[in-house]
Amino acid sequence: MRRALIVIAMLFLAASAPLAEDGTARAAFLAGTSNDCPGCDLSRANLTYRDLSGANLEGANLTKARLHRAVLAKANLRHAVLAGANLNLTDLRFADLSNADLSGALLYGANLSAAVLPHARLIDARTQHATLARADMSGVDWSGGDATEARLPGAILTGATLTNIHAPQADFRRVEFSGADLTGGTFFETVFSGADFSGARLRDADFRQARFENADLTNADLSNSQFQQAWTQGIVLDGSIRDNVVGLRIPTK
Amino acid sequence: MRAAAILRGGGVATLIAVAAPASAQELDRPDVQDLVLGAGADAQPGPFREYACGTDGGPASIAVAGFDEFARCPKESGTGLHEIAFRYDDEIEYYALAMNLKPVADRYGGTRFGSFPVIVSALFDDSGILRGYRVVTDDRGTVRERRIAYAMGVFAKAQFKSGQWTCSSEPLGEGETPLGNQFVKEDCSTTMPGGQTAKLRVRLLHRPGQAAVDPFTGEKRVGQYESTARLEVFDAGWGSER
């Protein structure tokens with residue numbers, strides 16, 4: 001009987017040790033004495049203006065955390081949950097957000113230049129005026145997001161899902177969209193010059209007055225999309241599907 | 001005054017909560033009217049941003065960490081108080097922008113008194129007790145904001161209705177001219193039931209040498225006038241020359 005109790009006590013201690021460790025790390029992090037808190041529960045934490053450059057927050061739960069104007073440059077946020085978090089005006093340059101959950105996050109004016117976000121979830125994220133230049137966003141799910149006037153020159157969005165995204169006047173110059181799904185998106189006056197859409201789905205989308213100079217749409221599906229007054233000089237449309245496309249001017253070779 | 005501030009905060013929460021996640025209710029932004037006269041630097045609301053020594057309502061001077069560093073700012077010759085300027089936090093403004101709530105963003109954009117861009121500062125005595133605050137229209141706004149800046153005087157009077165305002169209008173001085181057919185040169189004061197006093201100085205006029213049209217070339221001149229309002233609120237027993 002005594003042996004059984006000892007075993008149970010040892011099991012309890014073994015199970016609670018990580019919790020205590022997490023609690024200690026969390027307390028130090030919230031007190032500002034440490035910038036590292038991997039796996040911590042920081043949901044709804046107020047971290048506004050905090051300098052978290054290079055912080056290790058891998059796997060942390062930052063659901064609805066307040067990070068307005070925080071500095072997270074080069075931070076490790078792999079697998080972090082940032083759903084509904086306020087990241088407006090944050091500095092996330094070179095941050096690693098691989099597989100992070102940013103669903104419903106606010107990223108207005110945030111700087112994610114050269115950030116790494118493969119397979120991150122950005123569903124319904126609000127990224128108006130954000131900068132994502134040269135960011136690696138391959139495989140992200142950005143469906144339903146608002147990217148009005150966002151700047152992403154040179155970003156990688158291969159295999160990404162951008163269905164029903166709202167991105168008027170955004171800058172997608174030289175972006176790699178190969179295999180991406182942009183179905184139902186709004187891209188009024190958006191710039192896609194030099195972008196690679198090979199094999200991408202661009203169905204039911206609004207590309208009026210968008211700029212496609214020298215874009216590659218080889219094998220892309222453009223069915224039911226609108227291209228009135230779009231700029232299409234140098235566009236490549238080999239093998240593309242163009243059923244019910246409206247207003248697309250095909251340049252003569 | 002405090003009740004009005006709470007109502008203002010409640011208004012924001014209500015407006016944003018319509019379209020925002022639950023975290024919106026955690027957002028609130030103190031403003032200059034939330035400062036507590038007679039209380040210490042550490043008892044003041046916040047956080048505000050960009051604390052700095054003030055320059056009698058002008059642009060900020062030496063940066064300080066917060067109100068508790070009041071002693072680093074020189075004592076004013078007029079009031080004998082230490083002035084710390086600051087600006088409001090912009091978290092609500094950008095929250096509203098992200099949620100496409102432009103009217104809310106406009107209302108809470110920048111540091112404003114009502115809708116007027118202002119420079120705000122807190123005035124501490126030698127022991128760190130808040131004895132007053134100052135609100136001066138900020139000339140760095142747009143041309144339109146600058147043109148109507150003097151109207152902050154009307155808004156200021158409406159904020160302190162518990163006392164009777166006493167105003168005196170001065171005639172134009174030598175070289176001063178009206179803007180079109182309008183000029184304001186008014187000094188007002190009021191004493192509230194608790195003994196706190198408020199002083200208001202409003203100006204709308206061309207100063208000597210300023211004119212809407214260049215008298216030599218006939219070209220239109222933009223912004224050559226003074227349109228300002230300056231509000232100072234003092235704790236009981238403070239505010240007179242020291």
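The values are calculated or read from the model by the stated rules, or taken from the named source; none is laboratory data. Nothing here was measured: the structure is a model prediction, and the numbers come from that model. Note that we place each Cβ from the backbone using ideal geometry, even for glycine, and neighbour counts take in every protein chain shown.
Restricting the first residue to region B:190-202 and requiring it to be of a type in the set (Lys, Arg), which pairs with a second residue that is in a loop (DSSP other than H, G, I, E, B) and modelled with pLDDT under 95 meet a Cβ separation below 9 Å and a spacing of at least six or different chains?
Correct list of pairs: B:Lys199/B:Gly239.
Considering each of B:Ile84, B:Ile92, B:Ile119 in turn, give the residue that is without any contact (Cβ under 8 Å) to a residue 60 or more places away in the chain, closer than 26 Å to B:Ala158 by Cα and either among the hydroxyl-bearing types (Ser, Thr, Tyr) or crowded, with 16+ Cβ neighbours inside 10 Å (or both). Explain how you work it out, then say what you get.
Working: B:Ile92 fails: without any contact (Cβ under 8 Å) to a residue 60 or more places away in the chain; B:Ile119 fails: without any contact (Cβ under 8 Å) to a residue 60 or more places away in the chain.
Being without any contact (Cβ under 8 Å) to a residue 60 or more places away in the chain, closer than 26 Å to B:Ala158 by Cα and either among the hydroxyl-bearing types (Ser, Thr, Tyr) or crowded, with 16+ Cβ neighbours inside 10 Å (or both) holds for just one of B:Ile84, B:Ile92, B:Ile119, which is B:Ile84.
Within region B:215-222, does at least one residue satisfy the condition of being of a type in the set (Phe, Trp, Tyr) and not in a loop (DSSP other than H, G, I, E, B)? Before you say what the answer is, go through the steps one by one.
As a first pass, look at region B:215-222 and keep what is of a type in the set (Phe, Trp, Tyr): B:216.
Narrowing the set further to residues that are not in a loop (DSSP other than H, G, I, E, B) leaves none.
There is no residue in region B:215-222 that is of a type in the set (Phe, Trp, Tyr) and not in a loop (DSSP other than H, G, I, E, B).
Just to be sure, is A:Arg44 modelled with pLDDT of 95 or more, on the phi > 0 side of the Ramachandran plot and within 10 Å of another protein chain (Cβ to nearest Cβ)? If you could, list the steps in order and put the result at the bottom.
Numbers: modelled with pLDDT of 95 or more: yes; on the phi > 0 side of the Ramachandran plot: yes; within 10 Å of another protein chain (Cβ to nearest Cβ): yes.
Yes.
Of all residues in region A:67-95, which are of a type in the set (Gly, Ala, Ser), more than 14 Å from every other protein chain (Cβ to nearest Cβ) and surrounded by 24 or more Cβ atoms within 10 Å (Cβ to Cβ)?
So the first thing to find is which residues in region A:67-95 are of a type in the set (Gly, Ala, Ser), and the list is A:70, A:73, A:75, A:80, A:83-85, A:95.
Okay, now just the ones that are also more than 14 Å from every other protein chain (Cβ to nearest Cβ), so A:73, A:75, A:80, A:95.
If the condition is that a residue be of a type in the set (Gly, Ala, Ser), more than 14 Å from every other protein chain (Cβ to nearest Cβ) and surrounded by 24 or more Cβ atoms within 10 Å (Cβ to Cβ), then A:Ala75, A:Ala80, A:Ala95 are the ones that fit.
Name the single residue that is modelled with the lowest pLDDT among those in region B:223-237 being in a loop (DSSP other than H, G, I, E, B) and surrounded by 21 or more Cβ atoms within 10 Å (Cβ to Cβ). Working first, answer last.
So the first thing to find is which residues in region B:223-237 are in a loop (DSSP other than H, G, I, E, B), and the list is B:223-225, B:235-237.
Subset that is surrounded by 21 or more Cβ atoms within 10 Å (Cβ to Cβ): B:225, B:235.
Details: B:Tyr225: 94, B:Asp235: 97.
Only one residue tops the list, namely B:Tyr225.
Out of the residues in region B:89-107 that are touching a strand residue (DSSP E or B) at 6+ places or on another chain (Cβ under 7 Å) and of a type outside the set (A, V, I, L, M), which is nearest to B:Ala39 (Cα to Cα)?
Once the filter is applied, the top-ranked residue is B:Asp89.
For region B:62-178, list the strands (runs of 3 or more DSSP E) that sit wholly inside it and hold at least 2 residues that are under 14 Å from the mean Cα position of the chain (by Cα); which are they?
Ranges flagged: B:82-87, B:116-124, B:130-137.
Would you tally the residues in region A:96-135 being away from chain B (no Cβ under 14 Å), within 18 Å of A:Val175 (Cβ to Cβ) and assigned to a loop (DSSP other than H, G, I, E, B)?
Total meeting the criteria: 13.
Just checking, which of A:Thr183, A:Thr148 is part of a loop (DSSP other than H, G, I, E, B), out of contact with any Cys (no Cβ under 8 Å at 6 or more places or on another chain), within 14 Å of chain B (Cβ to nearest Cβ) and within 16 Å of A:Asp206 (Cβ to Cβ)? Walk me through how you get there before you give the answer.
Working: A:Thr183 fails: within 14 Å of chain B (Cβ to nearest Cβ).
Every option except A:Thr148 fails the conditions.
Which is out of contact with any strand residue (DSSP E or B) (no Cβ under 6 Å at 6 or more places or on another chain) and farther than 22 Å from A:His119 by Cα, of A:Gln209, A:Gln226?
Details: A:Gln226 fails: out of contact with any strand residue (DSSP E or B) (no Cβ under 6 Å at 6 or more places or on another chain).
So the residue among A:Gln209, A:Gln226 that is out of contact with any strand residue (DSSP E or B) (no Cβ under 6 Å at 6 or more places or on another chain) and farther than 22 Å from A:His119 by Cα is A:Gln209.
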